[in-house]
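One structure is given below, encoded as structure tokens.
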Amino acid sequence: MADNVEGPDVESPTTGGADLETLARVVERVRTNVEKVIEGKPDVVSSTLVVLLAEGHLLIEDVPGVGKTMLSKALARSIDCTVRRIQFTPDLLPSDVTGVSVFNQNTREFEFRPGGVFANIVVGDEINRASPKTQSALLECMEERQVTVDNTTYQLDTPFMVIATQNPIEMEGTYALPEAQRDRFMARVSIGYPVENAELAMLDSHTGANPLDDLEPVTDAAEVRKLCGIVAQVYVSEAVQRYAVSLTAATRKSQELTLGASPRATLHLVRAAKATAAMEGRDYVLPDDIQRLARPVLAHRLLPAVEAAMSGRSTTAILDGLLAGVPVPQSTHRA
């Protein structure tokens, strides 16, 4: 690890201390709000907030009943902005997601009726239960923040974040996400089973009433946009940028992988690292930020080679080996 890295080696325009204090204050409010519902999972909540501030999309993958949808809805309710939920089912159509043009008999013209993606926070529940054709309806809006229907392009409001949940691929009645779809998710997290004390606390708080009903918004879309602007100003030195590129390049050269990380993955890795640094009160990114985020940002984009899959090597294990082999930048100091 590179804990001794202290900061960028050149002066660069970065965000100010007051901005970082504002960000920390708002993030703590949202975190506290979400943890009223999702107990005992601070790392998962932090990862969710990192993706929000980095203007990415989040894939929550785990077995049924551990709180995937609850986490999505808790974050959505904590932000006073528009929220839509799309329940992905085998009969869901692409037009249900993006919208459709309908002929109005009165005006004798076609009218566009927006689909489920026209919101600031879009909760895609059980995304891998819909067909790949329907899943692919999200590709344009996730990457370009726009939707094109009948040769007309409609811009989506900012912030725009897709929080999708899915059960593991081995479970019955699911479809594997297309590679292009997985690559558009900035990070994948797994909630996991709660510890015993958290599960006991859940029995008290969740059996009498739905804790989501008591959640009040603690910020709004305008403030989230401001925080995203603060994150964008966080400084990334050339050495750290090269480190991120070296990590993703290593996945493309590995004999154990048939599909490595894309250039989009490199961009997502750096943007997530900037959000992490800002949440920790720093206006510069450390190599440690890149290392910590490599698993959630890169692992779900990789495909193991046949030999690696047959030997039981997961993409996470392969990625860990590659991380160990990429040199970490040495200590740098401010000028």
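How about segment 144-242: which GluC sites (Glu not before Pro) there are in a DSSP loop, with at most 10 other Cβ atoms within 10 Å of their Cβ? All intermediate terms of the calculation are to be shown ahead of the outcome.
Details: sites: GLU144, GLU170, GLU172, GLU179, GLU196, GLU199, GLU223, GLU238; in loops: GLU170, GLU172.
Answer by residue number: GLU170, GLU172.
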| task | Enter the Cα centre distance for the pair segment 227-246 and segment 307-330, rounded to the nearest angstrom. | result | 23 Å
| query | Where is the GNM fluctuation largest for the chain (alpha-carbon springs, 10 angstrom cutoff): GLN146, GLN233, GLN105? | reply | GLN105
| Most mobile of ARG31, ARG242, ARG271 in a GNM of the chain (Cα contacts under 10 Å) | ARG242
| Where Lys and Arg each count +1 and Asp and Glu each count -1, what net charge lies around ASP289 among other residues with Cβ under 10 Å from its Cβ? | +1
| message | Which residue fluctuates most in the GNM of the chain (Cα springs below 10 Å): ARG108, ARG84, ARG295? | response | ARG108
| remark: So, over other residues within a Cβ distance under 14 Å of THR207, counting Lys, Arg +1 and Asp, Glu -1, the net charge is -4
| Under a 1.4 Å probe, what is the accessible area of the chain per residue, stated in Å²? | 47 Å²
| note | Counting only backbone N atoms under 15 Å from a point 7 Å out along Cα-to-Cβ of SER131, the residues of segment 91-110 in range are 91-97
| field | Set of lysines with alpha-carbon distance to LYS133 below 27 Å, sequence-local pairs under 8 removed | value | LYS68, LYS73
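Can you give the FRET efficiency to the nearest 0.05 for ARG84 and ASN106, using r as the Cβ-Cβ distance and R₀ = 25 Å?
Calculated transfer efficiency: 0.40.
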| query | At what distance in nm do the modelled label points of ARG225 and LEU200 sit from each other, each positioned 7 Å from its Cα along Cα→Cβ? | reply | 4.7 nm
| request: Give, in nm to one decimal, the length gained when the segment between SER95 and LYS253 is fully stretched (0.36 nm per residue of separation minus the Cα-Cα distance). | output: 53.0 nm
| In degrees between 0 and 90, to the nearest 10, how far off the longest principal axis of the chain does helix 68-78 point, with axes built from Cα atoms? | 90 degrees
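Carbon and sulfur: what percent of segment 166-319's accessible surface (1.4 Å probe)?
53 percent
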| task | Take the Cβ-Cβ distance between THR148 and GLN330 as r, set R0 to 45 Å, and report the resulting FRET efficiency rounded to the nearest 0.05. | result | 0.45
| query | For mean projected area of the Cα convex hull in nm², the choices are [x] 32.0; [y] 19.9; [z] 16.1; which was calculated from the structure? | reply | [y]
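The values are calculated or read from the model by the stated rules, or taken from the named source; none is laboratory data. All values reported here derive from a predicted model rather than from experimental measurement. Quick reminder, even Gly has a Cβ in these numbers, built from the backbone with ideal geometry, and neighbours come from all protein chains shown. Just so you know, the surface numbers come from the protein's heavy atoms only, side chains and all, with ligands and any DNA or RNA stripped out. Shrake-Rupley method; radii C 1.70, N 1.55, O 1.52, S 1.80 Å.
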